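Worksheet: the structure to be examined is printed underneath.
The values are calculated or read from the model by the stated rules, or taken from the named source; none is laboratory data. Please read all numbers here as calculations on a predicted model, not as lab measurements. All Cβ positions, even for glycine, are placed from backbone atoms using ideal geometry, and neighbour counts span all protein chains on display. SASA here: full protein model, heavy atoms, side chains in, ligands and nucleic acids out. Shrake-Rupley method; radii C 1.70, N 1.55, O 1.52, S 1.80 Å.
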Amino acid sequence: MQLTLWTYEGPPHVGAMRIATAMKGVHYVLHAPQGDTYADLLFTMIERRTKRPPVTYTTFQARDLGGDTAELFKNAAREAFERFRPAAMLVGASCTAELIQDDPGGLALALDLPIPVVPLELPAYQRKENWGAAETFYQLVRKLAGPAAPPVGTPRPARTAGARPRCNLLGPTALGFRHRDDVREISSLLARIGVEINVAAPLDATPADLARLGEADFNVVLYPEIASQAAQWLNRTFGQPATRTIPIGAVATREFIAEVAQLAGLDAATLLAEAESRSTWYARSVDSTYLTGKRVFVFGDATHAVAAARVAAREMGFTVVGIGTYSREFAREVREAAKGYGVEALITDDYLEVEAQVTQLQPELVLGTQMERHIAKRLGIPCAVISAPVHVQDFPARYSPQMGFEGASVLFDTWVHPLMMGLEEHLITMFRGDFEFHENAAPSHLGALTAAHSEAAPAAAPPAATLAGAAIEQVIAWAPEAELELRKIPFFVRGKARRNTERFAIDRAVPRITVETLYDAKAHFSR
Amino acid sequence: MNARSVPPHLTEGCAEIPILRERGQREVFCGLTGIIWLHRKIQDAFFLVVGSRTCAHLIQSAAGVMIFAEPRFATAIIDERDLAGLADANAELDRVVQRLIERRPDIKLLFLVGSCPSEVIKLDLSRAAARLSRSFSPDVRVLNYSGSGIETTFTQGEDACLASMVPGLPAQADTAHPALLIVGTLADVVEDQMRRLFNEMGIAPVAFFPPRRAADLPPLGPGTRFLLAQPFLADTARALEQRGAIRLDAPFPLGAEGTTLWLQAAADAWDIDAATFHRATAPGRERAQLALARQRDQLAGQRVFFFPDSQLEIPLARFLARELGMQLVEVGTPYLHRQHLATELALLPAGTMLSEGQHVEKQLDRCRAAAPDLVVCGLGLANPLEAEGLTTKWSIELVFTPIQGYEQAADLAELFARPLVRRTWLAA
Ligand code: SF4
């Protein structure tokens, strides 16, 4: 059993719903109790989709358990077929139905429906949402594209002369973090490179589209968490290679262009020479020097976390002081990336552990999920959201991709926005005592946040923070003058100064922190 | 003391109302959802769901990620090791509770909340609660109830929660004098208003259940007369009655009329004379009627369709029909408690179409065919129906907003009027 306050991912059947909902002509019959229908609101309220997810729930009740829940499932599947006339059907169980072992797959096959039926085995007590999405997409691709597979070992036929290279765009789902906009951005980028899109899936694809996946020359994998399993199968089955670069950030976008061009056998030199991102120039402009070395903590799904850290370090000039992911399946990639920043990756889906680490690191900016936004807000640290789990705010009305050159500019804006502007920061450092320009004042362009700050102030030591803090703060006395001196240090580094000083004092068994200790520690840590 | 608890003119009436009973997909929350308001109401209680990742995700999604304060709820997620018997589920639960209580020393009352998985694997949470109560006594009391979707629908979670607290209520010391107990979660502001009204009538003592703090448990015994403030409290009422308390039959305090009849039931039980009752209630009632008159212009004649959600549908429909002149196309309820709703049913316009249970697809067909002016429905259905051109009011807001009593009557009406007004404001 795991104590969970907030979860980063839903259960695996929600992953399956993300695939079914993304597609057209697919219906998902889910053996589940009534409360599980809450999942519809993820799509209708958070993503504001205009249609209900194509999901039928059996909503069995306690009184059905003694009787025939299997019959209930069959009726639901039959009725769903007759009502919605899908071109393919997914069937499966949620956590509770898994326990009653009715075998939805077998039951659905017994109905002998005239459409492809894909049974899903999504172990709800081991796996989570992204895994469920990946598995569902893979099973659908296998089932629908499989019949077109050439005999094993058949070499890939050469592209007919003069035909434009074609790729599939794999991974975007419903309820994905900016997937909609990323697809648009990357599609236009591929067009500029000279590559045609054969099928983009699962978002907006039909079962018939999946059947044509094998016709492309290669695959572009936008979200490995969702699509790498399917892409590997497509590679084995149709000999389609897949891209490995995730085009998040201007640098990665250029690498992506080069990789695609190479897979497509095209020359992208002109495009690369012409292409430029406004974010690159903005980061170089003098106003951005204040961004240098800002300490940033990054957490999210593996793909977005690794990409964000890279952008933070190479395109913003930040210092990555921590990186982590809740995607255990992709822990290796994140550990690898962490090494490059000289930090240890945090691989966990326990919100409390993340909170403890942020509290301990006291970064100047958190790039995380909605969960880290909670944490950062409580600790008074600026934060920008870079990854799912999603919130209604993560579906902005405006075009706001994360990928491609436009995405790089979106990242620049979103990450810089919560920070204090350069000169403002200096003024506050110089004139700390000013009654308006004080530490609890938010950046002046974020007027609304001032209230949030002052409201957070009385709650400065909520149980969570206290507990997390207790782990690192041993009881150590501060002389009153030292406390006063500490107050003169700008608030955005004060937490770190306090912590460093205390660690310094503990290491040297200094019983009481004086002004001297404070400056000794400062000298020690600023080597 | 007046033994008559049912006003005679309201005893009958429901029998002739036709009810459509349906089975099929139920598009409703499970009882776990009640935690979202219960954890705010009882300020030193904590709710630990023993369930799956789905349960954790449900509460988180239903609450929105909008709760920025540390939530007083969490989930102990059962994993494969618990299922395979590799870990002793009870020992695991003890460990989780230990960690939780260390983290939250301010917690005085802990609810272990059962879910579908915990019930299907027959994890005995009542024994676990007794065991944990002993080991954390006297600092923390541990109770248990089920909010599972196989047993409870949405607001029934509150019913199960309150029912679990009833055995722990202290016995009434003075059984000779009646005491009034108001049962069901109300917003604090509404409680305070009601308290003032009872006070002005001279009805005392008055207690509210659930209490704001876990230690403030109201006494209970044969002298207790209770009024349900919510229509979904079947098990709680039964548990109270088993301890000798007597339920005062009344419609629910929604709208000016509902509030008056509800207060009247208490006044009758206390033999409050008409003049006193009038003096106490007239100002509030007149204010409410005045404010409602304005909303009536907007709502009268509009046709409303209720999807089943909270069991508040019938009292709400009665209010909309009688005080605002709306027409009831269909009133769906997840469950109809005939006895508790008897006075409400009697007030519904003759021929009102009621439905109990749900087959959501067929109900959507009926709804589309009827093309009502306003659809009251859950979060999963609202936006899709809006996109189809219907106007909706999401029902969950009716559970989270102070809507009971005179001072809130117009606010309640406004909740229904707002989507209609908004439609007219927005450019087509
Ligand atoms: S319906 Fe059952 S399994 Fe689903 S969230 Fe509710 S309690 Fe958990």
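Below are the figures for this structure:
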item: Breaking point among (1) outside any helix (DSSP H, G or I); (2) open to solvent by less than 30 Å² (accessible area, probe 1.4 Å), for B:Arg213; result: (2)
item: Test for B:Ala160: is it at pLDDT 95 or above, farther than 30 Å from B:Gln358 by Cβ and within 13 Å of the ligand (Cβ to nearest atom); result: no
item: Total residues in segment A:201-222, condition touching a residue at least 12 places away in the same chain (Cβ under 8 Å) and open to solvent by 30 Å² or more (accessible area, probe 1.4 Å); result: 7
item: Among the residues listed as A:Ala158, A:Ala163, the single one being small (Gly, Ala, Ser), open to solvent by less than 50 Å² (accessible area, probe 1.4 Å) and modelled with pLDDT under 95; result: A:Ala163
item: Among (1) of a type in the set (A, V, I, L, M); (2) in a helix (DSSP H, G or I); (3) closer than 26 Å to A:Arg236 by Cβ; (4) open to solvent by 30 Å² or more (accessible area, probe 1.4 Å) - the single one A:Ala191 does not satisfy; result: (3)
item: Residue in segment B:123-146 that is within 16 Å of the ligand (Cβ to nearest atom) and among the small types (Gly, Ala, Ser) present; result: yes
item: Enumeration of residues in segment B:22-49 that are within 16 Å of B:Leu112 (Cα to Cα), facing another protein chain (nearest Cβ under 8 Å) and β-branched (Val, Ile, Thr); result: B:Thr33
item: Enumeration of residues in segment B:222-257 that are of a type outside the set (A, V, I, L, M) and open to solvent by 20 Å² or more (accessible area, probe 1.4 Å); result: B:Pro222, B:Arg225, B:Asp235, B:Arg238, B:Glu241, B:Gln242, B:Arg243, B:Gly244, B:Arg247, B:Glu257
item: Spans of strands (runs of 3 or more DSSP E) in segment B:349-423 with at least 1 residues open to solvent by 20 Å² or more (accessible area, probe 1.4 Å), without any contact (Cβ under 8 Å) to a residue 60 or more places away in the chain and out of contact with any Pro (no Cβ under 6 Å at 6 or more places or on another chain); result: B:392-394
item: Extreme residue, nearest to the chain's Cα centre (by Cα), among residues of segment A:364-380 that are surrounded by fewer than 24 Cβ atoms within 10 Å (Cβ to Cβ) and in a loop (DSSP other than H, G, I, E, B); result: A:Glu364
item: Residue tally, condition assigned to a loop (DSSP other than H, G, I, E, B) and either surrounded by 21 or more Cβ atoms within 10 Å (Cβ to Cβ) or in contact (Cβ under 8 Å) with a residue 60 or more places away in the chain (or both), over segment A:116-126; result: 5
item: Looking only at segment B:74-90, and only at residues there that are open to solvent by 40 Å² or more (accessible area, probe 1.4 Å) and either in contact with a Cys (Cβ under 7 Å, 6 or more places away or on another chain) or more than 7 Å from every other protein chain (Cβ to nearest Cβ) (or both), the one that is nearest to A:Gln2 (Cα to Cα); result: B:Arg81
item: Failed item in (1) surrounded by fewer than 21 Cβ atoms within 10 Å (Cβ to Cβ); (2) out of contact with any Gly (no Cβ under 9 Å at 6 or more places or on another chain), with B:Arg322 passing the rest; result: (2)
item: Selected residue (only one of A:Arg78, A:Arg83 is open to solvent by 30 Å² or more (accessible area, probe 1.4 Å) and either hydrophobic (A, V, I, L, M, F, W, C) or within 11 Å of chain B (Cβ to nearest Cβ) (or both)); result: A:Arg83
item: Residue in segment A:257-287 that is surrounded by the most Cβ atoms within 10 Å (Cβ to Cβ), counting only those that are of a type outside the set (A, V, I, L, M) and touching a residue at least 40 places away in the same chain (Cβ under 8 Å); result: A:Ser279
item: Only one of A:Arg63, A:Arg52 that is more than 16 Å from the ligand (Cβ to nearest atom), of a type outside the set (Asp, Glu) and surrounded by fewer than 23 Cβ atoms within 10 Å (Cβ to Cβ); result: A:Arg52
item: Condition broken by B:Val189, with the remaining ones in (1) among the hydrophobic types (A, V, I, L, M, F, W, C); (2) within 16 Å of the ligand (Cβ to nearest atom); (3) in a helix (DSSP H, G or I) satisfied; result: (2)
item: Tabulated pairs, segment B:185-203, first in contact (Cβ under 8 Å) with a residue 24 or more places away in the chain, second open to solvent by 30 Å² or more (accessible area, probe 1.4 Å) and assigned to a helix (DSSP H, G or I), C-beta under 7 angstrom, 6+ apart or interchain; result: B:Gln193/B:Glu407
item: Helices (runs of 4 or more DSSP H) contained in segment A:199-301 and holding at least 2 residues within 17 Å of A:Leu189 (Cα to Cα), in contact with a strand residue (DSSP E or B) (Cβ under 9 Å, 6 or more places away or on another chain) and modelled with pLDDT of 95 or more; result: A:250-264
item: Conditions (1) more than 16 Å from the ligand (Cβ to nearest atom); (2) open to solvent by 20 Å² or more (accessible area, probe 1.4 Å); (3) over 24 Å from B:Val190 (Cα atoms): number failed by B:Leu100; result: (2)
item: Considering residues of segment B:103-113 that are under 10 Å from B:Val140 (Cβ atoms), touching a helix residue (DSSP H, G or I) at 6+ places or on another chain (Cβ under 8 Å) and among the aliphatic types (A, V, I, L, M) only, the residue surrounded by the fewest Cβ atoms within 10 Å (Cβ to Cβ); result: B:Ile107
item: Enumeration of residues in segment A:29-46 that are within 16 Å of the ligand (Cβ to nearest atom) and more than 7 Å from chain B (Cβ to nearest Cβ); result: A:Leu30, A:His31, A:Ala32, A:Ala39
